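S.K.: Have a look at the structure that comes next, please.
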Amino acid sequence: VDHITTPLPLKGKRALVTAGPTHEAIDPVRFIGNHSSGKMGYAIAARLEQLGADVTLVSGPTALKIPHHVTAVAVQSAAQMFDACKAVFQQADIIVMSAAVADYTPTEVADQKIKKKTEDFSIALKKTTDILARLGKEKREDQTLVGFALETNNELEHAIDKLQRKNLDLIVLNSMQDSGAGFAADTNKVTMINRAGDIQTYDLKSKEDVAKDICTRIIDHQAAL
Ligand code: CTP
Ligand code: CA
């Protein structure tokens, strides 16, 4: 049967995967969030586990079930996600950051529900820590660091810039151009770019199959170390 004959190329490896959105609190009943479903990250975590890796999944709020034999750490905010990632990064051989982390968070959280008053209202925001960029700074040669990019224009140029700026081994560009790809969908169409500048475009496929493609690239990178 399958589970006996399947080779486990990632046995003994540890993986850290982030997934889902983050929720940045405004007051006790409100937050700033986004439409990330977490499906892509959960599929990657499940696939890495199937390939033999010891997987920690740091997840923002999603409606998904934790994949079997995966260690889950539930977080809400970008700051909590950063803390959870820092705690496991050093021990991880493979790091895949598929979460849709908020870029900005309220400068302060009201401790009571904000009442409506004035006609106009605005909330002051400050930048969150770019978790991926921070981990990229600390990355060792034996680690494989994978990031994602969501772009609507000049896709390749922006993705290559992120790959270099954040010191990644591989970047997965989500194509917004193609229907059936993106946040809530069960399918995705990606282009992967590695450090050597190798650009590969993949067909539209299920997120499980995209996860397989990403993991194949990760195995290749680990094997070349
Ligand atoms: N990312 C992160 N921490 C953040 C913001 C982004 O770890 N605070 C990671 C995401 O998980 C993803 C990658 O960075 O792997 C790219 O995210 P994206 O939103 O496409 O890029 P940004 O660098 O945030 O730039 P922008 O949103 O301005 O395009
Ligand atoms: Ca962003």
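S.K.: Tell me yes or no: at least one residue of region 139-148 is among the basic types (Lys, Arg) and outside any strand (DSSP E or B).
M.R.: So far as region 139-148 goes, yes, one or more of its residues are among the basic types (Lys, Arg) and outside any strand (DSSP E or B).
S.K.: While we're on this one: Do the conditions hold for SER175, that is, is it more than 23 Å from MET81 (Cβ to Cβ), at pLDDT below 95, hydroxyl-bearing (Ser, Thr, Tyr) and more than 8 Å from ligand 1 (Cβ to nearest atom)?
M.R.: Yes.
S.K.: Right, next: Keeping to region 133-147, report how many residues are surrounded by fewer than 23 Cβ atoms within 10 Å (Cβ to Cβ) and in contact with a strand residue (DSSP E or B) (Cβ under 7 Å, 6 or more places away or on another chain).
M.R.: Number satisfying all stated conditions: 3.
S.K.: Report, by residue number, each residue of region 120-163 that is away from ligand 2 (no atom under 13 Å from the Cβ), among the hydrophobic types (A, V, I, L, M, F, W, C) and touching a Lys or Arg at 6+ places or on another chain (Cβ under 6 Å).
M.R.: Selection gives LEU145 alone.
S.K.: Output the residue which, of all residues in region 76-102 that are in a helix (DSSP H, G or I) and among the aliphatic types (A, V, I, L, M), is nearest to ASP54 (Cα to Cα).
M.R.: Among them, the one singled out is VAL88.
S.K.: For MET81, all conditions in the list (1) within 16 Å of ligand 2 (Cβ to nearest atom); (2) surrounded by fewer than 22 Cβ atoms within 10 Å (Cβ to Cβ) hold save one; what is the number of the exception?
M.R.: (2)
S.K.: Determine, yes or no, whether ALA159 is surrounded by fewer than 18 Cβ atoms within 10 Å (Cβ to Cβ) and among the aliphatic types (A, V, I, L, M).
M.R.: It is false that ALA159 is surrounded by fewer than 18 Cβ atoms within 10 Å (Cβ to Cβ) and among the aliphatic types (A, V, I, L, M).
S.K.: Tell me, please, whether a residue that is surrounded by 14 or more Cβ atoms within 10 Å (Cβ to Cβ), on the phi < 0 side of the Ramachandran plot and acidic (Asp, Glu) can be found in region 213-225.
M.R.: Among the residues of region 213-225, at least one is surrounded by 14 or more Cβ atoms within 10 Å (Cβ to Cβ), on the phi < 0 side of the Ramachandran plot and acidic (Asp, Glu), which makes the answer yes.
S.K.: Within region 91-113, count every residue that is out of contact with any Phe, Trp or Tyr (no Cβ under 8 Å at 6 or more places or on another chain), in contact (Cβ under 8 Å) with a residue 40 or more places away in the chain and more than 16 Å from ligand 2 (Cβ to nearest atom).
M.R.: 11
S.K.: Across region 1-54, which residue is modelled with the lowest pLDDT among those that are among the acidic types (Asp, Glu) and out of contact with any strand residue (DSSP E or B) (no Cβ under 7 Å at 6 or more places or on another chain)?
M.R.: Checking each candidate, the answer is ASP2.
S.K.: What pairs come up if the first residue lies in region 145-156 and is farther than 20 Å from LYS207 by Cα and of a type outside the set (D, E, K, R), the second is more than 10 Å from ligand 1 (Cβ to nearest atom) and in a strand (DSSP E or B), and their beta carbons are under 9 Å apart, counting only those six or more places apart or on different chains?
M.R.: Cβ pairs passing all conditions: LEU156/THR191; LEU156/ILE193; LEU156/ILE199.
Residues are listed down the side, and each one gets a yes or a no for (1) closer than 13 Å to ALA19 by Cα; (2) within 13 Å of the chain's Cα centre (by Cα); (3) modelled with pLDDT under 95; (4) of a type in the set (Val, Ile, Thr):
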site: LEU64; (1), (2), (3), (4): yes, no, no, no
site: VAL96; (1), (2), (3), (4): yes, yes, no, yes
site: LYS127; (1), (2), (3), (4): no, no, no, no
site: GLY136; (1), (2), (3), (4): no, no, no, no
site: ARG140; (1), (2), (3), (4): no, no, no, no
site: LEU145; (1), (2), (3), (4): no, yes, no, no
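S.K.: In region 125-151, how many are of a type in the set (Ser, Thr, Tyr) and within 9 Å of ligand 1 (Cβ to nearest atom)?
M.R.: Summing the residues that are of a type in the set (Ser, Thr, Tyr) and within 9 Å of ligand 1 (Cβ to nearest atom) in region 125-151 gives 2.
S.K.: Find the residue count for region 104-132, including only residues that are assigned to a loop (DSSP other than H, G, I, E, B) and surrounded by fewer than 14 Cβ atoms within 10 Å (Cβ to Cβ).
M.R.: Matching residues across region 104-132 total 15.
The values are calculated or read from the model by the stated rules, or taken from the named source; none is laboratory data. In this text the structure is predicted, and so the values were computed from the model without any measurement. Here Cβ is always computed from backbone atoms with ideal geometry, including for glycine, and neighbour counts include all displayed protein chains.
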